[in-house]
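Report on one structure; see the data block that follows.
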Amino acid sequence: MASSVASARRYAEAAFALADESNALDRWSGDLLTIANFVDEAEVAGIVSSGRVPRDEKLRLLDAGLKAYLSPLAMNLMRLLEQRGKIALARNIQAAFQAMLDDRRGVAHAVVTTALPLADDERAAVAAKLSAMTGKQVDVTAVVDASIIGGIVARIGDQLVDGSTRSRLAALKRSLEGATR
């Protein structure tokens, strides 16, 4: 698993360098998303992952499904991935490329968990607060989990901000238990 992530990252870095050089970051981002979405379709995934389907048949399927939508360089990457038996990395390549693009543009993504759904103004306020904390423009994905009781839990990359009532109650319990010993 770790080697496939590293391999996907290398392909994404190469694609990013090509895209950056030709000032086509948005085009490449869209092309990689198109490849990943196509390869993830159940019928296509079954064919490209099958050892029984000849490689030239797989390439014909990918060409037929993608040629009208991709730039020539993205088509070359897709063909290279299939020829090397790495087409299953398409989603990881797309995700790594998008992470590099977001980093370049100063964008971070946060998953914010609350006990109740956030109103639009609350979501904007949370995004503004997280932006101030990270120094990046934060895109918020809201998740509802009643088990946190109240407050919010925000995950931005590998950073966790836990302001939930559940965690505060757990901390209070630990301190009370420590005081009685």
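The values are calculated or read from the model by the stated rules, or taken from the named source; none is laboratory data. Source: prediction; values computed, not measured. Positions of Cβ are backbone-derived with ideal geometry, glycine not excepted, and every protein chain shown enters the neighbour counts. All accessible areas refer to the heavy atoms of the entire protein, side chains included, with ligands and DNA or RNA removed. Shrake-Rupley method; radii C 1.70, N 1.55, O 1.52, S 1.80 Å.
Listed here are the helices (runs of 4 or more DSSP H) enclosed by the stretch 1-53 that have at least 3 residues being modelled with pLDDT under 95: 2-21, 42-49. In the stretch 1-42, the residue that is farthest from the chain's Cα centre (by Cα) out of those that are open to solvent by 20 Å² or more (accessible area, probe 1.4 Å) and β-branched (Val, Ile, Thr) is Thr34.
Here Ile47 qualifies as surrounded by 14 or more Cβ atoms within 10 Å (Cβ to Cβ), without any contact (Cβ under 8 Å) to a residue 60 or more places away in the chain and over 17 Å from Met75 (Cβ atoms).
Among the residues of the stretch 21-49, the one identified as touching a Phe, Trp or Tyr at 6+ places or on another chain (Cβ under 9 Å) and of a type in the set (Asp, Glu) is Asp31.
The one condition from (1) open to solvent by 80 Å² or more (accessible area, probe 1.4 Å); (2) closer than 30 Å to Ser3 by Cβ that Leu89 does not meet is (1).
Close Cβ contacts (under 9 Å, 6 or more residues apart or on different chains) running from residues in the stretch 59-72 that are touching a residue at least 24 places away in the same chain (Cβ under 8 Å) and under 21 Å from Ser22 (Cα atoms) to residues that are in a loop (DSSP other than H, G, I, E, B) and of a type in the set (A, V, I, L, M) comprise Ser71/Ala24.
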